[in-house]
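Each remark here refers to the structure printed beneath this line.
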Amino acid sequence: MEKTEKIWMDGEFVNWDDAKVHVLAHALNYGTGVFEGIRVYETSKGLSIFRLKEHVKRLMDACKVMCFDLKYTHDEICEAISATVKMNKKVDYVKPCVFLGGEAVGLNPINVPVKFTITSIYLGSYLGKEAQEKGASLVTSSWFRPWNLAAPAGAKVNGIYVTSCLAKMEAKHRGADEAVMLNAQGNIAECSGENLFIFKRGKLYTSKTSDSILEGITRNSIMEIAGDLGYEVVEDEITRIEMYTADEVFMTGTAAEITMVTKIDNRLIGDGKPGKVGKQLAEKYADVVRGKDPKYEKWLYRI
Ligand code: PMP
């Protein structure tokens, strides 16, 4: 990650080093925040923020889940994110966060002041160039994806990311690039920060939203793009065995984009090389986000 110059904090731009919160901020102690991760791409007509409106909607929905009183409209948030990107020199990723920034001890979050920050950075390749080009290795995590009865799995709430961090760390300790988490039923939920697709018997499958996943915006984009390319896409329960024996497996996420998976728990997926369908979708996605296909211009927020 490379830092930038200015961070937007409650309507004002402050220098990177001055964007501070108190050590007793409720969010720091209890995880009471929500956030988004959004990519910015260069196109032939300048910078574009990919699916900004959908990301802002998901952020606002997460605020609703947490009962945060957000004093900005959807348009104002889009504008503030766009202004933050413009304010800084080298940006490919934006992270808006809404969190309980007030100083408070105790679990009651009611009436703790809300803070809203927008940070832009240069992230580059999230899973590393090698994983992106040659395919990533996964391990099934011993940590389960928090399920819908125990946590708001469908909202990007800071606190529940501790499980993703533990799963990711476990994957790294075991020499893999990423972790796949199971849900309470033992079916595939998703990776630490990506949704999962498998290609099997000529169809694409991805876990259902009721299977304790975050409903990824990249997942949604790939479902539409794959449908347009003539693939049947099914939201279904996916077992671990179905994943091991799929012809292809790939992950989707704003940061990771489309990354092929070639090995899971020491088993090769297909012939152990990035699959054809995943590659086709990854290439199409790379064009779509850079404005090279007018059909998907609706997803670009040009700045
Ligand atoms: N699952 C989790 C747990 C995530 O954190 C992310 C990243 N936001 C995703 C899936 C992928 O979502 P998106 O495509 O919207 O980035």
- Once fully extended, how much extra length lies between D18 and E42, figured as 0.36 nm per residue of separation less the alpha-carbon to alpha-carbon distance? 5.8 nm
- Query: Just the accessible area per residue of the range 129-203, please: how many Å² with a 1.4 Å probe?
  - Reply: 44 Å²
- Message: Can you compute the modelled spin-label distance between D228 and A184, with each label point 7 Å from Cα toward Cβ, in nm?
- Response: 3.7 nm
- Treating only Lys and Arg (+1) and Asp and Glu (-1) as charged, each at its beta carbon, one finds that the chain has a dipole about its Cα centre, in Debye to the nearest 20, of 360 debye
- Task: Apply 1/(1 + (r/R0)^6) to the Cβ-Cβ distance of E5 and N220, taking R0 = 41 Å, and write down the FRET efficiency to the nearest 0.05.
- Result: 0.80
- If R0 = 25 Å, then L107 and C165, at their Cβ-Cβ distance, give a FRET efficiency to the nearest 0.05 of 0.75
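In a shell of Cβ-Cβ distance under 13 Å around V162, excluding V162 itself, what net charge do Lys and Arg (+1) and Asp and Glu (-1) give?
Values: positive: R145, K168; negative: E170.
Summing Lys and Arg as +1 and Asp and Glu as -1 gives +1.
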- Determine, for each peptide in 55-64, 3-12, the mean count of other beta carbons within 10 angstrom over its residues, then list the peptides with the highest first. 55-64, 3-12
- Item | Mean separation of Cα contacts under 8 Å (6+ apart) over length of the range 58-166, as relative contact order % | 24 percent
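By how many nm would the segment from T209 to K90 grow when fully extended, if each residue of separation counts as 0.36 nm and the alpha-carbon distance is taken off? Spell out each step's value before the answer.
Numbers: separation 119, 0.36 × 119 = 42.84 nm, distance 3.46 nm.
Gain on stretching T209 to K90: 39.4 nm.
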- Accessible surface, 1.4 Å probe, highest first, among residues H74, H22, H173: H173, H22, H74
- Message: Report the Cα centroid-to-centroid distance between the range 1-36 and the range 242-303 in angstrom, as an integer.
- Response: 32 Å
- For the chain: relative contact order, % (alpha-carbon pairs under 8 angstrom, 6 or more apart): 20 percent
- Query: Per the 1.4 Å probe, what fraction of the accessible area of the chain, in percent, lies on carbon and sulfur atoms?
  - Reply: 52 percent
- Residue-wise, which Karplus ³J(HN,Hα) couplings in Hz belong to the range 286-302, taking 6.51 cos²θ - 1.76 cosθ + 1.60, θ = phi - 60°, and x for glycine or proline? 4, 6, 4, 5, 9, x, 8, 10, x, 4, 10, 4, 4, 8, 9, 10, 7
- Rank I81, A19, V40 by how far each Cα sits towards the positive end of the charge dipole of the range 1-93 (+1 on Lys, Arg Cβ; -1 on Asp, Glu Cβ) and give me just the farthest. V40
- Message: Charges at C-beta only: +1 for Lys and Arg, -1 for Asp and Glu. How large is the resulting dipole of the range 53-118 about its Cα centre, in Debye rounded to 20?
- Response: 240 debye
- Note on the structure: Sorting F99, S137, L123 by the position of each Cα along the dipole of the range 1-154 (Lys, Arg +1; Asp, Glu -1; all at Cβ), the one nearest the positive end of that ordering is S137
- Here, D293 and K57, labelled 7 Å along Cα→Cβ, have an inter-label distance in nm of 2.0 nm
- Message: Sort 89-100, 277-288 by packing, meaning the average of other beta carbons within 10 Å per residue, with the highest value first.
- Response: 89-100, 277-288
- Query: Out of every Cα-Cα pair in the range 212-282, what percent are more than 19 Å apart?
  - Reply: 36 percent
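The values are calculated or read from the model by the stated rules, or taken from the named source; none is laboratory data. The structure displayed is predicted, hence computed values, not measured ones. Note that we place each Cβ from the backbone using ideal geometry, even for glycine, and neighbour counts take in every protein chain shown. Each accessible area value is taken on the protein alone, full model and side chains, heavy atoms only, with ligands, DNA and RNA left out. Shrake-Rupley method; radii C 1.70, N 1.55, O 1.52, S 1.80 Å.
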